[in-house]
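Undergrad: Attaching a single structure in structure tokens format; questions to follow.
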Amino acid sequence: MATGTVASSVQQFLGMLCLVLLWTSVARPAAALYTPTCLGPCSAVPNCNDACVTKGFPKGGVCLGFTKTDLACCCTS
């Protein structure tokens, strides 16, 4: 009976050790949130991609938003 108790304690210890190692390997500082540079509403910017390239963003830009009436020209860095 004592052997079963020792084996159970060892299994519990190893299980807890695995959890601690998993948590410490995953826990990293959060990266800064990406906030795009937006030039204004897409309706006011004739060509969003070209406007962003002109402003110094070599990857250009796209219109972002949740609805078609609420799109903003945002540049990709």
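Undergrad: For the list (1) of a type outside the set (S, T, N, Q); (2) out of contact with any strand residue (DSSP E or B) (no Cβ under 6 Å at 6 or more places or on another chain); (3) assigned to a loop (DSSP other than H, G, I, E, B), I need the number of the one condition that Phe57 fails.
TA: Here Phe57 clears every test but (2).
Undergrad: Step by step: first the residues of region 9-51, then only those that are of a type in the set (Gly, Ala, Ser) and in a helix (DSSP H, G or I), then the one that is modelled with the lowest pLDDT. Which residue is that?
TA: This residue is Ser25.
Undergrad: Taking the residues in region 63-77 that are closer than 19 Å to Cys52 by Cα and not in a strand (DSSP E or B) as candidates, determine which candidate is farthest from the chain's Cα centre (by Cα).
TA: Filtering region 63-77 for residues that are closer than 19 Å to Cys52 by Cα and not in a strand (DSSP E or B), the one farthest from the chain's Cα centre (by Cα) comes out as Asp70.
Undergrad: With respect to Ala72, determine if the residue is of a type in the set (Gly, Ala, Ser) and at pLDDT below 80.
TA: no
The values are calculated or read from the model by the stated rules, or taken from the named source; none is laboratory data. No experiment lies behind these values; they were computed from the predicted model shown. Every residue, glycine as well, gets a Cβ built from its backbone with ideal geometry; the counts of neighbours run over all protein chains shown.
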